[in-house]
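Below: the structure, in structure tokens.
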Amino acid sequence: MKPPYRGITVSAPVSSALALALAFVALLALLAPAQAQRETIEADTSDREIAIESDFTGAKIVVFGAVDNSRQPTANSGYYDIIITIRGPLETVVTRQKERVAGIWVNGRSEAFANVPSFYAALSTRPLDVIADADFLSRNGIRFNPRAESADQALPPDAFEQALIDLKQKERLYVVDSFAVKFLSKSLFRGTIELPANVKVGRYSTEVYLIHDGKLLSQHKNAMLVHKAGIERDLAALASDRPWVYGLLSVIIAVACGLLGWTLFSRG
Amino acid sequence: MQIYLPIAETSVNIFTMFGMGTAVGFLSGMFGIGGGFLITPLLMLMGIPTAVAVATGANQVVASSVSGTMSQWRRGNVDIKMGTVLLAGGVVGAFLGVQAVRLLKETGQIDLTIALLYSVFLSSIGIIMLVESLGAMNRARSGKPASARRPGQHSWVHGLPLKLRFQRSKLYISAIPPFLIGLSVGLLSGMLGVGGGFIMVPAMLYILRMPTKVVIGTSLFQIIFVAGLTTIFHAAANQAVDLILALVLMVGGVIGAQFGASAGQKLRGEHLRALLALLVLGVCVRLMVDLFAPPQHPFSIDILSAGA
């Protein structure tokens with residue numbers, strides 16, 4: 001008995017075209033993950049929180065991360081560039097120029113800079129200028145550019161700005177380390193930075209940029225908190241919350257210390 | 001061994017700071033000066049921010065002056081009455097000095113004016129003291145009486161009214177000159193942020209003609225109050241006193257002051273004055289170098305405030 005078949009009957013040429021189309025879709029599906037999924041990075045810092053106690057002499061921070069869908073075959077292929085920037089809490093700084101008046105050095109002209117990061121570090125796989133052009137670096141805020149926001153960011157810094165950069169660099173509060181970031185495998189990378197003992201407390205932001213051929217492929221942001229702890233925190237809090245009490249306490253301690261020193265070490 | 005300072009917000013070597021405190025305390029106990037003019041630049045040299053160096057230095061001066069005063073007081077070398085008169089003038093002077101700074105700041109170049117006045121002042125005091133003490137030493141060697149005080153010799157100082165008897169200093173003089181000396185030293189302190197012991201001491205020696213040993217004790221006595229007020233004022237206005245740093249300096253300072261006091265006791269008055277003269281001239285030379293030598297960097301930076 002013939003089954004009640006009501007299927008669509010197709011002619012031979014149509015059916016072969018359909019098979020071809022199906023095969024093409026299958027091929028696309030196979031190729032797609034490699035083709036459409038772009039590289040992304042994920043990163044983190046070794047410490048999310050840095051507590052400053054009496055033995056604090058600075059801190060070593062490791063920034064590490066991975067490139068998802070990395071296309072480079074090995075760690076040494078140099079296909080990608082990584083730039084890591086770390087920025088401390090903002091402050092207002094004044095730069096003064098010393099001038100000679102009748103043989104004597106005095107403070108002359110000055111320029112104030114608002115919202116300058118108290119700490120700034122840029123770590124990278126290669127020198128910044130080689131990785132990308134100046135326009136790219138200033139557009140993404142990678143350069144340490146202490147200047148008014150209205151100023152033309154592309155212009156080279158003037159003498160006051162350069163002095164600020166130099167002096168910050170001397171205090172190790174402005175660091176550029178061109179070969180501090182290394183790939184450990186085709187996707188894993190890490191960079192190390194030293195925070196000196198004179199860092200300001202507050203929120204530090206870390207940004208990681210993945211770059212290929214001078215173009216930004218992916219970016220990742222993190223935050224880190226630097227704060228005082230223990231007796232360091234208690235003293236700083238007392239000094240700012242109750243300055244008169246703190247001052248009086250300092251004098252009382254000094255007087256007590258003087259009397260104690262006299263009784264213990266009195267000679268003659 | 002490094003220790004983190006919560007107010008200065010940096011880390012320093014505890015032994016270096018202790019050593020600095022001891023050395024300055026020694027000089028303080030020996031000469032009757034506070035030593036703020038020595039400790040402040042030393043701290044700045046070690047990377048301590050200026051405001052913290054000034055305020056914390058003042059706090060350490062309190063401790064070493066207490067230590068030094070006690071040991072001088074034990075020997076009967078503190079003229080509390082004279083110290084009080086000097087202090088009264090000093091408080092008025094310090095207040096006027098702070099006002100003067102405000103006025104001068106508006107005209108600009110205050111730093112220059114002060115530094116110049118200061119070095120002229122210091123070099124003349126230093127040279128006069130050195131010449132006088134060397135002369136006294138010569139006279140002592142040739143057998144003549146070596147006394148800087150010439151009792152019976154009267155100057156304008158002795159003709160003024162409001163006479164008081166200062167027993168410890170063996171003086172019967174008007175209260176006006178010590179008050180005025182206190183006032184002018186206080187004026188300088190208010191302007192320069194230093195205690196002014198090294199100006200006060202020569203003034204007591206040469207204008208008031210007090211005996212060298214009493215000068216040291218009395219100077220230290222009044223410095224306790226000047227430095228104490230300075231500390232409280234700096235803590236209140238700038239939150240700049242670092243107690244951890246102060247404590248390390250103080251421990252060194254009070255020990256140093258004791259050794260300094262007994263070392264000073266063994267020296268003759270004119271030798272002591274000659275050494276102080278050299279110290280004053282040394283400070284003066286340092287100031288001159290700062291003024292005239294080309295700076296290490298043609299610019300300087302200063303943090304005004306934390307940004308938004």
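Estimated at 0.36 nm per residue, the fully extended path between residue A:138 and residue A:17 surpasses their Cα-Cα distance by 38.1 nm.
For the range A:90-239, lysine pairs separated by 8 or more sequence positions, or belonging to different chains, with Cα-Cα distances below 26 Å total 15. Here is the list for the range A:36-85: trypsin sites (Lys or Arg not before Pro) lying in DSSP coil, each with at most 16 other C-beta atoms within 10 angstrom of its C-beta, are A:38, A:48, A:71. Counting only Cβ charges, +1 for Lys and Arg and -1 for Asp and Glu, the dipole size of the range B:213-308 around its Cα centre is about 500 debye.
Each Cα pair under 8 Å and six or more residues apart adds its separation to the average, and for the range B:155-308 the resulting relative contact order is 13 percent.
Note that the range B:88-96 has calculated 3J(HN,Hα) couplings of 4, x, x, 5, 4, x, 4, 4, 5 Hz, one per residue in order, obtained from phi through the Karplus relation 6.51 cos²θ - 1.76 cosθ + 1.60 (θ = phi - 60°); glycine and proline are x. Taken as Cα centroids, the range A:82-106 and the range A:184-211 sit 24 Å apart, rounded to the nearest whole angstrom. With the simple model of a label 7 Å out from the Cα in the direction of the Cβ, residue B:120 to residue A:263 spans 5.0 nm. Seen from residue A:137, the other residues with C-beta closer than 9 Å to its C-beta sum to a net charge of -1, counting Lys and Arg as +1 and Asp and Glu as -1. For the range B:259-308, trypsin sites (Lys or Arg not before Pro) are listed when DSSP marks them as loop and at most 16 other Cβ atoms sit within 10 Å of their Cβ; the list is B:268. A full extension of the chain between residue A:212 and residue A:40 corresponds to an added length of 60.7 nm, given 0.36 nm per residue minus the alpha carbon distance. Dividing the mean sequence gap of close Cα pairs (under 8 Å, 6+ apart) by how many residues the range B:172-220 holds gives a relative contact order of 30 percent. Between residue A:69 and residue A:99, the distance separating the two model label sites (each 7 Å from Cα on the Cα→Cβ line) works out to 5.9 nm. So which residue, out of B:77, B:13, B:59, gets the largest mean-square fluctuation from a GNM of chain B using Cα contacts under 10 Å as springs? Largest GNM mean-square fluctuation: B:13. Under 5 Å from the amide H of residue B:173 lie the amide H atoms of B:164, B:166, each residue being 5 or more positions distant or on a separate chain, with H modelled from the backbone and absent for Pro and chain starts. Partner lysines whose Cα lies under 16 Å from the Cα of residue B:81, excluding those fewer than 8 positions away in the same chain, are identified as B:163, B:170, B:213. Put a dot 7 Å past the Cα of residue B:75, heading toward its Cβ, do the same for residue A:184, and the two dots end up 6.7 nm apart.
Less than 5 angstrom separates the built amide H of residue A:113 from those of A:93, A:94, A:95, all sequence-distant by 5 or more or on a different chain. Estimated from the Cβ-Cβ distance and a Förster radius of 41 angstrom, the FRET efficiency linking residue A:245 and residue B:297 is about 0.60.
For residue A:181, the amide hydrogen comes within under 5 Å of the amide hydrogens of A:124, A:125, counting only partners 5 or more places away or on other chains and with H modelled in the peptide plane. For the range A:159-256, the set of chymotrypsin sites (Phe, Trp or Tyr not before Pro) satisfying both a DSSP loop assignment and a count of at most 11 other C-beta atoms within 10 Å is given as A:179.
FYI, it's all coordinate maths here, none of it is from the lab. Remember, predicted model here, so these are calculated numbers, not experimental data. Reconstructed Cβ throughout: ideal geometry from the backbone, glycine too, with neighbour counts over all protein chains shown.
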